[in-house]
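All remarks here apply to the structure that follows.
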Amino acid sequence: MITKITARHVLGHEDGGHVLLDDACVVYRDDTIEFVGREYRGSVDNERHLGEALLIPGLIDLDALADVDHLLLDSWAGPELAAGYQWSEDYFRNRRADVFTAEERQQIREYALIQLVLHGITTYMPIASEVHSGWAETFDEIAGMARTSRRLGLRAYLGPAYRGGVNVLRRDGERSVLFDDGEGAAGFADAARFLDFARGLADPLVQGVLLPCRIETLGSDLLKATAQLSAERDVLVRLHSLQGLVERRIIQDAHGVTPLELIEQAGLLNERLLIPHATYTDRNPAVHGEDRGELAKLADSGVSIVHCPLTSMRYGSTLDSFGAYREAGINIALGTDSFPPDLIRGIDAGVQLAKILAGDAGAGDVAGYFDAATLGGARALRRPDLGRLEAGSQADMVAFSLDDFRDGVRDDPLRTLLLNGTARQAVLSVVAGRTLMADGEIDGVDLGYWRRRGQELFDKMKAAYTLRDASRRTTAELFPPVYARVEH
């Protein structure tokens, strides 16, 4: 089956980099691109004209929300309220439980994956909160997610998140991590089992990876076991780390080294490792404020970082800086990490923050950020056939409409989309030659139902915070509104 898609603007790929073509087309046979350019003279089976739109490689989200969003609740609080969002020590020891049923967890996954499709994400590696789980993710949960992902047609890098410990608020009011080695061992066994399951599917759209939780929730033995399994199976590992001062303190107290040193000691510091955030390296002003070699160590090891600019900004931090990490030779991919799974808004946030940090409008590297959302993600996944519209690459692509009056006037289409638009302007999503979404519609998906169901699941999640809070505050106390609500 040969398909031709034409658009006013196409982000093609030549000589190792993206190039912009006006009034051009992409032609693909089955799952592979055969032609990108202006004049295609061959015959086709299907043709789609997108008009005033920007057609680009499918966006790669390597920290993609696969949950009901909690940032809506917890990105506003000062220290006192924020402490209530952690597990209490009593909850850890005596009352921990799953907030959602197994069926509800699958509904949450489907809700989140539909959002990815609608926002132009074609390849994803999921992230979900463990705060409302009895411990962490299970084999059955992620196997079910794989089935949903295959049905929707997304390209997935999956594995159950596992951990040996949980961030808690201790009885003395301090943040700490409490461990349950049995849970850690069971979670790791599920992760290994899922690698076999994914391989057995023999589906190019589902790849097994290792997704341990935050570094401070993994003891040395679990980190080393993860490194060994990754080497034996040659699979990727994503490890949330270098993302906060509390993490740094906990690691130094427990192990006597920095988080990056612990990663290296465990045998994880190599080209198979993806590190979401990586905002707290030695050059961060809150750490040392100067580069003492950590960027070079990351670059030399071949590690990729997953930069999540919009989420980092909302929690009050940022990468210092995108340009410095790129200049050091570190591969940068992008992630959303929270709602909305909108890499266009994420890129915009990153570009503007880079200007502020540098004190220079020229530091807003739009091309670098779009590269990170496409080529950087592909490099992190070791997939040179992704992230580009070029003959021989996978037919993964997304188009954003630019014809709405509210988009304003147009200059460069990428800058215009970035400054004036959002990923909600996605009008076409194609993965491996299959059309997942067209004109905001996904075949067989009732968006009205999922809007209602998503709200019900969110309300249930929100109510459960009271059970975990050491002070057992109500949701109204834990999550005060912007303005006081009155009944008259």
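Every number here is computed from the coordinates shown, using simple stated rules; none is lab data. Note that the structure is a prediction, hence the values are computed from the model and not measured. A quick note on method: Cβ atoms are made from the backbone with ideal geometry, for glycine too, and the neighbour counts reach across all protein chains shown.
For segment 305-363, what does the alpha-carbon gyration tensor say about shape, rounded, prolate or oblate, given a ≥ b ≥ c as the root eigenvalues, a/c under 1.5 as rounded, and a/b over b/c as prolate? Mind dumping the intermediate values first?
Details: a/c = 1.90, a/b = 1.32, b/c = 1.44.
In terms of gyration-tensor shape, oblate.
Please report MET397, MET461 as a ranked list, fewest other C-beta atoms within 10 angstrom at the top and most at the bottom. All intermediate terms of the calculation are to be shown ahead of the outcome.
On the way: MET397 28, MET461 21.
The order, fewest Cβ neighbours first, is MET461, MET397.
Mind checking segment 8-47 for GluC sites (Glu not before Pro) that DSSP puts in a loop (not H, G, I, E or B) and that have at most 12 other Cβ atoms within 10 Å?
Values: sites: GLU14, GLU34, GLU39, GLU47; in loops: GLU39.
When the GluC sites (Glu not before Pro) of segment 8-47 are filtered for loop state and at most 12 Cβ neighbours within 10 Å, GLU39 remain.
Output ³J(HN,Hα) for segment 121-134: one whole-Hz value per residue in order, computed from phi by the Karplus curve 6.51 cos²θ - 1.76 cosθ + 1.60 with θ = phi - 60°, and x for Gly and Pro.
Result, rounded to whole Hz: 7, 10, 10, 9, 10, x, 9, 9, 6, 8, 4, 9, 9, x.
If you rank THR101, THR279 by fewest surrounding Cβ atoms within 10 Å, what's the result? Walk me through the numbers on the way to the answer.
Details: THR101 9, THR279 22.
Starting with the residue having the fewest Cβ neighbours, the order is THR101, THR279.
Calculated from DSSP H runs of 4 or more alone, at -39500 (n - 2.57) each and per residue, what is the 222 nm mean residue ellipticity of the chain, nearest 500? Display every interim value, and only then the final one.
Details: 18 runs with 173 residues, N = 488.
When only DSSP H runs of four or more count, the value is -10500 deg cm²/dmol.
Calculate, axis by axis, the spread of Cα positions in segment 376-459 along the three principal axes, and write the results as whole Å, longest axis first.
43, 35, 23
For segment 8-87, what ratio Rg/Rh do Cα atoms give with a Kirkwood hydrodynamic radius? It would help to have the intermediate numbers written out before the result.
Numbers: Rg = 21.6 Å, Rh = 16.8 Å.
Taking Rh as the inverse mean 1/r over Cα pairs, Rg/Rh reads 1.28.
How big, in percent, is the set of alpha carbon pairs in segment 444-484 lying more than 16 Å apart? Write out the running numbers ahead of the final one.
On the way: 418 of 820 pairs.
Cα-Cα pairs in segment 444-484 separated by more than 16 Å: 51 percent.
Give me, ordered by chain and number, the residues 5 or more places off CYS308 or on other chains with an amide H under 5 Å from its own placed amide H.
Sorted by chain and number, the residues that satisfy this are HIS277, GLY335.
Cα axis of helix 181-201 to longest principal axis of the chain: angle in degrees, 0 to 90, nearest 10?
Taking the Cα atoms of the chain, the angle to 181-201 is about 20 degrees.
Can you give me the angle between helix 343-358 and the longest principal axis of the chain, using Cα atoms only, in degrees from 0 to 90, rounded to the nearest 10?
With rounding to tens, the tilt is 70 degrees.
So what are the three principal axis dimensions of segment 23-171 from its Cα atoms, in whole Å, longest to shortest?
Sorted from largest, the Cα extents of segment 23-171 read 72, 34, 22 Å.
Can you list the aspartates and glutamates whose alpha carbon sits under 15 Å from that of LYS4, skipping same-chain ones fewer than 8 residues off?
Filter leaves ASP23, ASP30, ASP31, GLU34, GLU39, ASP45, GLU47, GLU390, ASP396.
For LYS297, list the lysines whose Cα falls under 29 Å from its own Cα; do not include residues on the same chain fewer than 8 positions away.
LYS224, LYS355
At 4 °C and 1.567 mPa s, grab the translational diffusion coefficient of the chain from Stokes-Einstein with a Kirkwood Rh over Cα pairs, rounded to a whole number in µm² per second. It would help to have the intermediate numbers written out before the result.
On the way: Rh = 23.2 Å.
It diffuses with D of about 56 µm²/s by this estimate.
Give the residue list of trypsin sites (Lys or Arg not before Pro) in segment 149-253 that are DSSP loop and have at most 16 other beta-carbon atoms within 10 angstrom. Display every interim value, and only then the final one.
Working: sites: ARG150, ARG151, ARG155, ARG163, ARG170, ARG171, ARG175, ARG193, ARG199, ARG214, LYS224, ARG233, ARG238, ARG248, ARG249; in loops: ARG163, ARG170, ARG171, ARG214.
Qualifying residues, ordered by number: ARG170, ARG171.
Quick one: Karplus J couplings for segment 67-84, per residue in order, coefficients 6.51, -1.76, 1.60, θ = phi - 60°, nearest Hz, x for Gly and Pro?
After applying 6.51 cos²θ - 1.76 cosθ + 1.60, I find 7, 7, 5, 9, 4, 3, 9, 10, 9, 10, 8, x, x, 5, 5, 4, 4, x Hz.
Would you grab the residues whose amide H sits under 5 Å from the one on VAL427? Only those 5+ places off in sequence or on another chain, please, with H modelled 1.01 Å from N.
The answer is ALA399, PHE400, SER401.
For segment 214-358, would you read off the P(r) tail past 20 Å as a percentage of all alpha carbon pairs? Don't skip to the end; give the middle numbers.
Details: 4789 of 10440 pairs.
Cα-Cα pairs of segment 214-358 separated by over 20 Å account for 46 percent.
Give, in whole angstrom and from largest to smallest, the semi-axes √(5λ) of the equivalent ellipsoid of segment 161-289, with λ running over the eigenvalues of the Cα gyration tensor. Please report the intermediate quantities before stating the final value.
Numbers: eigenvalues 146, 63, 29 Å².
That gives 27, 18, 12 Å for the three semi-axes.
Using each residue's phi in segment 247-262, evaluate 6.51 cos²θ - 1.76 cosθ + 1.60 at θ = phi - 60° and report the 3J(HN,Hα) Karplus result to the nearest Hz, with x for Gly and Pro.
4, 4, 5, 4, 5, 5, 5, 7, 10, x, 9, 7, x, 5, 5, 5
What is the distance in Å between the Cα centroid of segment 1-66 and that of segment 161-207?
When both Cα centres are located, 39 Å separates them.
Report the antiparallel proportion of the DSSP beta bridges in segment 121-244 as a percent, rounded to a multiple of 5. Don't skip to the answer; put the middle values down first.
Working: 5 of 13 bridges.
Here the antiparallel bridges make up roughly 40 percent for segment 121-244.
Quick one: Debye curve from the alpha-carbon atoms of segment 255-313 only, equal weights, vacuum; give me log10 I(q)/I(0) at q = 0.20, 0.26 Å⁻¹ to two decimals.
-0.81, -1.22
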